[in-house]
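Structure, as structure tokens:
Where a number appears in this text, it was derived from the coordinates with a stated rule and is not lab data. Keep in mind it's a predicted model, so treat the numbers as computed, not measured. When we count neighbours, we look across all protein chains shown, and the Cβ atoms used for this are built from the backbone with ideal geometry, even at glycine.
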Amino acid sequence: MHELSVTQELVQTVEKARLGAGEDLQVTIVNVKIGRLTTVVPEYMTFYFNMLTKEMPGLAGAALEIEIVPITAHCKSCDAEFTVDEPHFVCPACHGENCEITGGREMVVDSIEVAEVEALPDGPSSGDM
Amino acid sequence: MEIKIVQNVLAANDEIAAANREMFREKKTLAVNLMSSPGSGKTQLLDATLAAFAGKLRAAVIEGDITTTLDAERLAKHNAPLVQINTATIGGDCHLEASMIRSAASRLDLDTLDVVFIENVGNLVCPAEFELGEDHKVALLSVTEGEDKPLKYPLMFRVCDTVLLTKTDIVQHLDFDMDAAEANVRKINPAARILRLSAKSGAGMDAWLDFIIAGAEKKKAV
């Protein structure tokens, strides 16, 4: 439900990173990791990302690549690491319940791909503006 | 060219939450975040809690709603300090964020308070995601809902340390199985403190009040 505000934060983070690398760079891909245990719907995030960036120089047209991170846990009783596929946080090895969640809550901007903006060959020259 | 960033999207909120936590620690004020579906009895619980604490424990309420001041009006009779947050004026958001708590707390004299209750926006999804800097996250599950709610909203029931089964005074009229509901909470969060209570009849309220009093005393002692 709060995908818009989360995506606004994401866009700000990306824009800051882009400007830090060079103002004349164009972002082509934004790689984010979203954990399965978060409440973010990836489709809504993509929708808002496209909406927010479509008129931003340097960001317009960038593709949002979302990697869904599975829910993983560590059993404090027997040290097993396991993936949680259904809503039951119990160790499959020893049935211990003292488990720590180690993955699945991510909401992370991992990296961006940038390219140099090249002068458009058929673009209007400044005299035409 | 790839540029590595690796930044948590909620980092800005988490930073303010950490500052709030420090503020509540310094002021020795217990902060309790109440979360649930709409209509699970958060305001009713606060109504009964403030009445029980009158003259004993100095409590304030930060009231979060998308719009209206109806809940605040319901609690006004207790003369407890009360700050209303309407998220509609700041985007109609579905949850409270740390920055809203920071600005609400600035309108309270924390030095004179033992406990601040934060009534979150009624919603089992989004409030679970946002740290506020609170000491306790409490989820209410009323017996008029389904026993399977903890399984359907795992993040909420995982992040909370306490679950209250509310409205137990009417459970005999319903098919709600309290043991099954507790078992479902345990599947998600085996360490959770689970209390059964009715704010209306008063049944089970003592354990809840004792939990808050003990928390407030512990906070003062640190």
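If you take the Cα atoms of chain A, find Rg, then find the Kirkwood Rh from the mean of 1/r over all pairs, what is Rg/Rh?
Values: Rg = 20.2 Å, Rh = 17.1 Å.
Dividing the radius of gyration by the Kirkwood radius yields 1.18.
All C-alpha to C-alpha distances of segment A:17-91, sorted into 5 Å bins beginning at zero, yield P(r) values of 3, 13, 17, 17, 13, 11, 8, 8, 7, 4, 1 percent in whole numbers.
Counted over segment B:78-184 with a bin width of 5 Å, the fraction of Cα pairs per bin, in whole percents, is 2, 10, 19, 19, 16, 15, 10, 6, 2, 0. Semi-axis lengths, largest first, of the ellipsoid equivalent to segment B:40-132 are 21, 15, 12 Å, with √(5λ) applied to each eigenvalue of the Cα gyration tensor. To the nearest 10 degrees, how steeply does helix A:3-21 sit against the main Cα axis of chain A, on a 0 to 90 scale? Around 60 degrees separate the two axes. Other residues with beta-carbon under 13 Å from the beta-carbon of residue A:56 carry, at +1 per Lys or Arg and -1 per Asp or Glu, a net charge of 0. For chain B, the cysteines with no partner cysteine C-beta closer than 4.7 Å are B:160.
The length gained by stretching the chain between residue B:178 and residue B:222 to full extension, at 0.36 nm per residue less their Cα-Cα distance, is 12.2 nm. If you take every DSSP beta bridge whose two residues both sit in the protein assembly as shown, what share of them, in percent to the nearest 5, is antiparallel? Looking only at bridges with both residues in the protein assembly as shown, the antiparallel portion is about 40 percent. The alpha carbon centroids of segment B:110-143 and segment B:33-53 are separated by 10 Å.
With the charge dipole of the protein assembly as shown set up from +1 on Lys and Arg Cβ and -1 on Asp and Glu Cβ about the Cα centre, the Cα lying farthest toward the positive end among the listed residues A:10, B:82, B:154 is that of B:82. Dipole of chain B computed with +1 at Lys/Arg Cβ and -1 at Asp/Glu Cβ about the Cα centre; of B:195, B:45, B:23, farthest Cα towards the positive end is B:23.
For segment B:1-75, what does the alpha-carbon gyration tensor say about shape, rounded, prolate or oblate, given a ≥ b ≥ c as the root eigenvalues, a/c under 1.5 as rounded, and a/b over b/c as prolate? Write down the numbers at each step before the final one.
Values: a/c = 3.59, a/b = 1.82, b/c = 1.98.
Because a/c hits 1.5 or more and a/b fails to exceed b/c, segment B:1-75 counts as oblate.
With 0.36 nm allotted per residue and the present C-alpha distance subtracted, the residue B:170-residue B:191 stretch has 4.9 nm of extension available.
Within the set B:4/B:187; A:33/B:149; B:77/B:167; A:33/B:218; B:77/B:218, which residue pairs have Cα atoms separated by over 30 Å? It would help to have the intermediate numbers written out before the result.
Working: B:4/B:187 37 Å; A:33/B:149 27 Å; B:77/B:167 22 Å; A:33/B:218 39 Å; B:77/B:218 28 Å.
Those over the limit are B:4/B:187; A:33/B:218.
With Cα atoms as the point set, the radius of gyration and Dmax of the protein assembly as shown evaluate to 23.2, 81 Å.
Tally the DSSP beta bridges in chain A and give the antiparallel ones as a percent, rounded to 5. Close to 70 percent.
Taken about its Cα centre, the protein assembly as shown carries a charge dipole of about 1660 debye when Lys and Arg each add +1 at the Cβ and Asp and Glu each add -1 at the Cβ. Taken about its Cα centre, segment A:32-103 carries a charge dipole of about 220 debye when Lys and Arg each add +1 at the Cβ and Asp and Glu each add -1 at the Cβ. Of the trypsin sites (Lys or Arg not before Pro) found in segment B:80-147, those that fall in a DSSP loop while having at most 12 other beta-carbon atoms within 10 Å are B:107. Using the Stokes-Einstein relation with a Kirkwood hydrodynamic radius computed over Cα pairs, the translational diffusion coefficient of segment B:150-222 at 10 °C and a viscosity of 1.306 mPa s comes to 118 µm²/s.
Placing +1 on the Cβ of every Lys and Arg and -1 on the Cβ of every Asp and Glu, with nothing else charged, gives segment B:42-139 a dipole about its Cα centre of roughly 300 debye. Annotation: aspartates and glutamates with alpha-carbon distance below 15 angstrom to residue B:219 (same-chain offsets under eight excluded): B:22, B:26, B:111, B:114, B:134, B:135, B:210. Cysteines of chain A lacking any other cysteine Cβ under 4.7 Å from their own Cβ: A:99. Scanning chain A for GluC sites (Glu not before Pro) in DSSP loops with at most 14 neighbouring Cβ atoms within 10 Å leaves A:56-117 as the longest stretch between them. When the inverse distances between all different Cα atoms of chain B are averaged and flipped, the Kirkwood radius reads 17.9 angstrom.
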